[in-house]
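What follows is calculated from the coordinates using simple rules that are stated; it is not laboratory data. Please read all numbers here as calculations on a predicted model, not as lab measurements. Methodologically, a virtual Cβ is constructed for each residue, glycine included, from the backbone with ideal geometry; neighbour enumeration extends over all protein chains shown.
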């Protein structure tokens, strides 16, 4: 295929060159009606390129093949049989993918270290989750993806399960054995869905970890805005084999997706694919060398420890994305949240993620010598400034078993059940009617339908006192919880 083409970008360019005047949405009329104060911040070209697909580009009802052509090029670029663009982010794409495999009341294996968006999908879709618990790293207090043997065991115990949702890479860059998990699923004649939101770059360099389509996954969802060069909310479904019907996938996406797709998202997805095919190997190769150099220099800073290939050598995870640099800051006597806050306040540097133990930074092909030095200088300043950071309440981290709560009610039923707010101490032993996700990284500590324990409650309350955000909890302080009303 001719990967020098970018059908959506070309159509957008032609639309702008023709200077068409549209008498339908969007109401700003290519920026004519936008407040100049907005243009000063956002820029006029954003609005000039914000075009309803029907207006000269493409539309699901009046297709001129532009979007279809761009999707075919994407599929060819990454080795998928089919690709579909989504403009609602991977949070919605994962919901769509799950609903394409299992419907209301049907079982689906799900990695329990899933993001809150997956729990939301379980509630919305009405599936019965069969949780597959991650490989827990006790020393680092970190969850790595589950192993194929755990998936195989759950499939034997639940022969009526319709498939599996696997999250890889994790927020911290650890990667699953996709091929082993896929074969466990295929031996049971069910599909493997991979939530590869952090892995859109993986197909384009051999030194990066396994890419789902190359390792026998049936359906892979990627977020190109995370590690690629498309704008926020850019997401792609990648499909192969015949275990997931493309017709069903399109219908489910149409059910959940927007009818006002963003030309900006489509155009940047199209352009990023072209860039990766033409220059991705060189760009990512340079990024890998830069990340290796940064890792080495951080390792020389006292009190900081960089997670590396030792987690693979220890059998804790199948692989590691070297572009995700995870920095344990406990040696400085602070938490990852404190470190991230200090960097933002004092150095205007935003870490990609943080938790009680660590921070993470993502290195992409967009980084250069300047951003490298800014990061390293900021981290050196953090090491020097850490003794002056005021101590906070210690977070009481639960052990691995403390995060494996009993599922006493289906998440959907518990979420919509009659509920009441009770004092946290009285919530122990009760069934949660809400999702509570310490953020970042946003993995729920409690999901609806799970039985609240003293250990997880102490974790949430001490975390809230330390400064951990609980944005989806009804009470962000965790002093009260929303539980299913007792008969």
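Which peptide among 130-136, 267-273 comes first, and what is the full order, when sorted by highest mean count of other Cβ atoms within 10 Å?
267-273, 130-136
Placing R0 at 60 angstrom, the Cβ-Cβ distance between residue 138 and residue 14 gives a FRET efficiency of 0.55 after rounding to 0.05.
Maximal additional length on extending the residue 245-residue 392 stretch stands at 47.7 nm, based on 0.36 nm per residue less the C-alpha distance. Per-residue ellipticity at 222 nm from helix content only, as computed over the chain with -39500 (n - 2.57) for each DSSP H run of at least four residues, stands at -11500 deg cm²/dmol. For region 162-280, what proportion of DSSP beta bridges, expressed in % and rounded to the nearest 5, is antiparallel? Given both bridge residues lie in region 162-280, the antiparallel proportion sits at roughly 40 percent.
Placing dummy labels 7 Å off each Cα toward the beta-carbon, the span from residue 418 to residue 296 is 6.7 nm. Note on residue 156 and residue 41: their simple-model spin labels are 5.8 nm apart, each label 7 Å out from Cα toward Cβ. Subtracting the Cα-Cα distance of residue 408 and residue 189 from 0.36 nm times their residue separation leaves 76.0 nm of extension gain.
Taking every alpha-carbon pair under 8 Å whose residues sit at least 6 apart, the chain reaches a relative contact order of 14 percent. Just report the Cα centroid separation between region 111-164 and region 320-386, whole Å. Going from one Cα centre to the other spans 30 Å. In terms of its alpha-carbon gyration tensor, region 281-388 comes out oblate; a/c meets the 1.5 threshold, while b/c is at least as large as a/b. If both residues of a DSSP beta bridge must be in the chain, then about 70% of such bridges are antiparallel. The order of the peptides 176-188, 77-89 by mean Cβ neighbours within 10 Å, most packed first, is 176-188, 77-89.
Of the peptides 280-288, 421-429, 121-129, the ranking by mean beta-carbon count within 10 Å, highest at the top, reads 121-129, 280-288, 421-429. Need the C-alpha centroid separation for region 417-455 versus region 91-109, integer Å. After rounding, the separation between the Cα centres reads 23 Å. Take every pair of alpha-carbon atoms less than 8 Å apart whose residues are at least six positions apart; their mean separation over the length of region 281-388 yields a relative contact order of 29 percent. Take every Cα pair under 8 Å whose residues are at least 6 apart in sequence, average their separation, divide by the length of region 400-484, and the relative contact order is 38 percent.
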